[in-house]
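Data first, discussion second: the structure below is written as structure tokens.
The values are calculated or read from the model by the stated rules, or taken from the named source; none is laboratory data. All figures in this text were calculated on a predicted structure; none of them were measured in a lab. Please note: Cβ atoms are built from the backbone with ideal geometry, for glycine as well, and neighbour counts cover all protein chains shown.
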Amino acid sequence: MCVVVNKTSFLYGNSILDKEVVLSVNGLSKRFGNVVALRNVDLVLRSNEIHVLLGENGAGKTTLANIIYGIYRPDSGTIKFFGKEVNIRSPKDAISYGIVLVQQHPMLIERMTVAENLALGFKELGILSSPKTISRVIREVNEKYGISVDPEVLVSSLSFSEKQQVELIRALLLNVKLLILDEPTTMLTSYERRKLFSILKKLVSDGKSILLITHKVLEALEVSDWITVLRRGEVVSSRPKDMYSVDELVKLVVGDDGLVSNVVSPSKSVEVGGNVLEVKDLIVLNDVGGIAVNRVSINVRGGEIVGIAGVTGNGQKELSEAIAGLRRVRDGRILINGVDVTNKGPSSRFRAGLAYIPEERLKYGVVGDMSVIENLILKDYYMFSRFTLLRLSDAVKVAEECIKTFNIVTRGPSEKVKALSGGNIQKLIIARELRLNPKVVVVHNPTLGLDLRSTSIVHEQLLNIKYSGSGVLLISEDLDEVIKLSDRVLVMYRGTIVYEGVRGCSREALEKAMLGIVDV
């Protein structure tokens, strides 16, 4: 039941409710087969406001955004834009009205410059403009909104945050009136998130309206003017952000039956065994030939979680890829269960007992055009085959168990993985890796993009791996997560380990070490 707010119940000088209505969604419903993605959704977004659409993975947030942007057609309901009913049949239609969607993963061509990317995109829309002209306009946009993107550089040289800013520039050049952002902070550091929010507030001050989709409660309260909560395809609350508390929002997001566990220092005792992972004096290069990992030595024992904290770009990615066999080692050794796997492929590490949950889930974690079932049995498909034929019933049983245990929101085991949300793809990868009972798990940003319920499930499963006597190397940019789960904490800075602490060590010392400040 949507919470109705009396117009006179609050005032902000000029009441929010007195602002011009930009977007009005009425009675919107959408089914995919037997799955109800949206049921009778109403949404009102006003001028000069940041309206947050908050909900768990699979709540229907992205489906709603895709309908507003013309990617999907609703089964029923209407959409009004500035008071007039509109029939948005495609993204091109949406753009013609001034509606632009920035998706979770930037849609840019890596080998082209920023200006060339935007010029090509405009050409497809029938807008002719040269890269030179666009470069000039980009610099004007940069100055106006505090964006810092060089139009002449290759997209491949940009960080994720900068690629996202390119998408924002594209929207501005298309004269956006309503900007929709789908989980825009999933891959951002705290600094990058603050910068994005600063840009968004400047856009609102300049007359734009924003619909921001997120599953993060604190983020919603930080940036929004108005919050609408979507749960299981239905609106359960919609009101100004100041009328919510954190606890109330959490309950609205997960529901009365929701599992929200504050996993803390585990009290369950477990006997620590011998080394299941040894990294000795490792040197690894980055993509341009520079040293990313410089003489790093780490050991992980069975029955413990070793956490690695650090700001993005200090060698964590290269370290995890080297351990997983996705990046060559220039010097040093990697041993899994005593077996030297240095510069051997991923299959040799799998046989030695390694499970790997990558940061770049779409690039290394799944095959998008394959089904949920096929992705879940990728590593042990031979166990489900007889005389080259797949025993489908057994595979379906395993898939259904994983879907239930890890709360993977999908239309069914046969759905293609590329149709899942980013958070549900992450849960699928974790389910596949952990169900094989590995001796050691290397996991990079395991809860990136996950909602409260899913984060709780992942944390619980990582602890279960530890309790079973296996080891976990947890590499995460979420310092709270590292502190919460780890028995030992390492800090990586400029490719080296600069700090090591045990459970209960000083958070202040960890934060200083992440910036390269280490007390001798």
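So here's what we get for this one:
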{"quantity": "Complete set of residues in the range 447-461 that are under 12 Å from the mean Cα position of the chain (by Cα) and charged (D, E, K, R)", "calculated": "Asp451"}
{"quantity": "Condition check for Val442: under 21 Å from Gly353 (Cβ atoms) and touching a residue at least 60 places away in the same chain (Cβ under 8 Å)", "calculated": "yes"}
{"quantity": "Test: residue in the range 164-175 that is surrounded by fewer than 18 Cβ atoms within 10 Å (Cβ to Cβ) and touching a residue at least 60 places away in the same chain (Cβ under 8 Å)", "calculated": "yes"}
{"quantity": "Pairs where the first residue, in the range 66-95, is acidic (Asp, Glu) and the second is surrounded by fewer than 15 Cβ atoms within 10 Å (Cβ to Cβ) and at pLDDT 95 or above, C-beta under 6 Å, 6+ apart", "calculated": "Glu85/Thr78"}
{"quantity": "Output for the range 177-202, where each listed residue is surrounded by 22 or more Cβ atoms within 10 Å (Cβ to Cβ), aliphatic (A, V, I, L, M) and modelled with pLDDT under 95", "calculated": "Met187"}
{"quantity": "Filter result (outside any loop (DSSP other than H, G, I, E, B) and either touching a Ser or Thr at 6+ places or on another chain (Cβ under 7 Å) or surrounded by 13 or more Cβ atoms within 10 Å (Cβ to Cβ) (or both)) within the range 361-371", "calculated": "Arg361, Leu362, Tyr364, Gly365, Ser371"}
{"quantity": "Residue within the range 372-391 that is in contact (Cβ under 8 Å) with a residue 60 or more places away in the chain, buried (at least 17 other Cβ atoms within 10 Å of the Cβ), closer than 30 Å to Ser456 by Cβ and charged (D, E, K, R) present", "calculated": "no"}
{"quantity": "Matching residues in the range 485-520 - criterion: being in contact (Cβ under 8 Å) with a residue 24 or more places away in the chain, among the basic types (Lys, Arg) and in contact with a strand residue (DSSP E or B) (Cβ under 9 Å, 6 or more places away or on another chain)", "calculated": "Arg488, Arg494, Arg503"}
{"quantity": "Total residues in the range 280-331, condition surrounded by fewer than 16 Cβ atoms within 10 Å (Cβ to Cβ), of a type in the set (S, T, N, Q) and free of Cβ contacts under 8 Å to residues at least 40 places away in the same chain", "calculated": "1"}
{"quantity": "Residue ID - surrounded by the fewest Cβ atoms within 10 Å (Cβ to Cβ), chosen from residues in the range 340-360 that are touching a Gly at 6+ places or on another chain (Cβ under 6 Å) and in a helix (DSSP H, G or I)", "calculated": "Pro346"}
{"quantity": "Any hit, the range 127-136, residues being in a loop (DSSP other than H, G, I, E, B), assigned by TED's automatic domain parsing to the domain that holds Asp206 and buried (at least 22 other Cβ atoms within 10 Å of the Cβ)", "calculated": "no"}
{"quantity": "Given (1) of a type in the set (Asp, Glu); (2) assigned by TED's automatic domain parsing to the domain that holds Gly332; (3) touching a strand residue (DSSP E or B) at 6+ places or on another chain (Cβ under 7 Å), index of the condition Asp369 fails", "calculated": "(2)"}
{"quantity": "Residues within the range 142-185 that are farther than 26 Å from Asn48 by Cβ and of a type in the set (S, T, N, Q), tallied", "calculated": "3"}
{"quantity": "Among (1) over 17 Å from Ala37 (Cβ atoms); (2) not in a loop (DSSP other than H, G, I, E, B) - the single one Pro413 does not satisfy", "calculated": "(2)"}
{"quantity": "From the options Tyr69, Tyr97, residue that is touching a helix residue (DSSP H, G or I) at 6+ places or on another chain (Cβ under 7 Å) and of a type in the set (Phe, Trp, Tyr)", "calculated": "Tyr69"}
{"quantity": "Some residue of the range 218-236 being farther than 27 Å from Ser29 by Cα, in the same structural domain as Ile95 (by TED's automatic domain parsing), buried (at least 19 other Cβ atoms within 10 Å of the Cβ) and not hydroxyl-bearing (Ser, Thr, Tyr)", "calculated": "yes"}
{"quantity": "Qualifying residue in the range 302-316 (condition: of a type outside the set (A, V, I, L, M) and in a helix (DSSP H, G or I))", "calculated": "yes"}
{"quantity": "Selection from the range 405-463 of residues that are more than 19 Å from Thr186 (Cβ to Cβ) and aliphatic (A, V, I, L, M)", "calculated": "Ala431, Leu434, Leu436, Val440, Val441, Val442, Leu462, Leu463"}
{"quantity": "Qualifying residues in the range 103-116 (those that are under 13 Å from Val155 (Cα atoms) and out of contact with any Lys or Arg (no Cβ under 8 Å at 6 or more places or on another chain)) - the one surrounded by the most Cβ atoms within 10 Å (Cβ to Cβ)", "calculated": "Val114"}
{"quantity": "Scope the range 486-520; condition β-branched (Val, Ile, Thr), under 19 Å from Ile305 (Cβ atoms) and surrounded by 15 or more Cβ atoms within 10 Å (Cβ to Cβ); matching residues", "calculated": "Val489, Val491, Ile497"}
{"quantity": "Residue match in the range 74-87 (condition: surrounded by fewer than 18 Cβ atoms within 10 Å (Cβ to Cβ), at pLDDT 95 or above, within 25 Å of Ile408 (Cβ to Cβ) and assigned by TED's automatic domain parsing to the domain that holds Ser29)", "calculated": "yes"}
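Every residue, every condition in (1) under 26 Å from Arg231 (Cβ atoms); (2) of a type outside the set (Val, Ile, Thr), yes or no:
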position	(1), (2)
Asn57	yes, yes
Lys61	yes, yes
Ile67	yes, no
Ile71	yes, no
Pro74	yes, yes
Asp93	no, yes
Tyr97	no, yes
Val100	no, no
Gln103	yes, yes
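Conditions (1) modelled with pLDDT under 85; (2) surrounded by 20 or more Cβ atoms within 10 Å (Cβ to Cβ); (3) among the hydrophobic types (A, V, I, L, M, F, W, C), marked per residue:
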| position | (1), (2), (3) |
| --- | --- |
| Thr410 | no, yes, no |
| Lys416 | no, no, no |
| Ser421 | yes, yes, no |
| Ile425 | no, yes, yes |
| Leu428 | no, yes, yes |
| Ala431 | no, yes, yes |
| Arg435 | no, no, no |
| Thr455 | yes, yes, no |
| Val458 | no, yes, yes |
